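Please read the structure below before turning to the comments.
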Amino acid sequence: MPELESSTVAAGEAASVERATVGDAREICDLINLWASRGQMLPRTLGETYENIRDFFVVREGGRLVGCAALHITWSDLAELKSLAVDEERQAAGYGRALAGACVAEGRALGLQRLFALTYRPGFFERLGWEQADVMSLPRKVWNECYRCPKFPGCEEIAMVLDLVSPAAGGGPGSGA
Ligand SMILES: CC(C)(COP(=O)(O)OP(=O)(O)OC[C@H]1O[C@@H](n2cnc3c(N)ncnc32)[C@H](O)[C@@H]1OP(=O)(O)O)[C@@H](O)C(=O)NCCC(=O)NCCS
């Protein structure tokens with residue numbers, strides 16, 4: 001697998017995006033579950049976080065984890081950007097963009113054609129060049145994970161997609177990659 005070029009996704013002078021280690025799992029879980037308790041994203045258990053730790057990128061400031069995001073492959077052409085969260089005291093510092101950019105860069109390096117995300121913050125993804133989509137256009141997601149979710153089919157998360165192939169579509173410089 002290609003190595004992450006952390007210098008190309010620098011989030012700020014004092015921080016850069018890095019791959020997560022198992023030692024990050026608890027802080028990742030705490031960050032996600034803080035936002036989940038406010039209804040902004042789905043909760044994750046520590047066990048799920050360990051199982052998926054290789055999907056994660058993180059941003060640390062002075063040794064403290066202040067952001068995370070995961071790229072989870074769902075099929076030969078498709079992956080989900082999920083568990084994107086930034087510390088509430090470090091919002092609007094460019095970390096969300098940098099984390100999304102790391103996922104986009106890895107999606108390209110892996111040869112994926114499309115990324116998707118389910119979110120209550122569509123404006124953030126639109127700012128990065130993603131487009132809204134019908135969740136039913138993502139059948140593998142719907143019939144795997146969503147189908148088992150207690151909120152299904154009443155989920156209010158909005159599906160966003162990023163085309164990694166078409167030069168006319170998003171995924172260019174604005175995507176953060
Ligand atoms: C959404 C979230 C990850 C954004 O992280 P962030 O580090 O604050 O965002 P950034 O500073 O990287 O912002 C990048 C751009 O998106 C814009 N933006 C950020 N949040 C936005 C929103 N809710 N609506 C519209 N635009 C937004 C910023 O203004 C910025 O634009 P600019 O580059 O032109 O200045 C963060 O607010 C968060 O952790 N929210 C709670 C958890 C959550 O909702 N996660 C998404 C679930 S998939």
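Throughout, read-outs are computed from the coordinates displayed, never taken from laboratory work. Predicted, not measured: the structure shown is a model, and the values here were computed from it. Because the Cβ atoms are built from the backbone with ideal geometry, glycine has one as well, and the counts that use them run over all protein chains shown.
Once R0 is set to 25 Å, what does the formula 1/(1 + (r/R0)^6) return for the Cβ-Cβ distance between Leu46 and Glu145, expressed as a FRET efficiency to the nearest 0.05? Kindly include the intermediate steps, with their values, before the conclusion.
On the way: r = 19 Å, r/R0 = 0.75.
Plugging the Cβ-Cβ distance into 1/(1 + (r/R0)^6) gives 0.85.
If you wrap a convex hull around the Cα atoms of the range 6-167, how much volume per residue is inside, in Å³? Provide the component values of the computation, followed by the final result.
On the way: hull volume 18.9 nm³, N = 162.
Each residue corresponds to 117 Å³ of Cα convex hull volume.
Report, in whole Å, the centroid distance computed from the Cα atoms of the range 89-159 and the range 63-87.
Result: 9 Å between the Cα centres.
What full-extension length gain, to one decimal in nm, is calculated for Glu156 and Gln91 as 0.36 nm per residue of separation minus the Cα-Cα distance? List each step's numbers first, then the result.
Details: separation 65, 0.36 × 65 = 23.40 nm, distance 2.32 nm.
Length difference between fully extended and current span is 21.1 nm.
Taking the simple approach of a point 7 Å from Cα along Cα-to-Cβ for both Asp30 and Glu18, what is their distance in nm?
The two pseudo-label positions are separated by 1.7 nm.
Using only the alpha-carbon atoms, what does the range 26-96 span along each of its principal axes? Please give whole angstrom values in decreasing order.
For the range 26-96, the Cα extents along the three principal axes come out at 37, 23, 22 Å.
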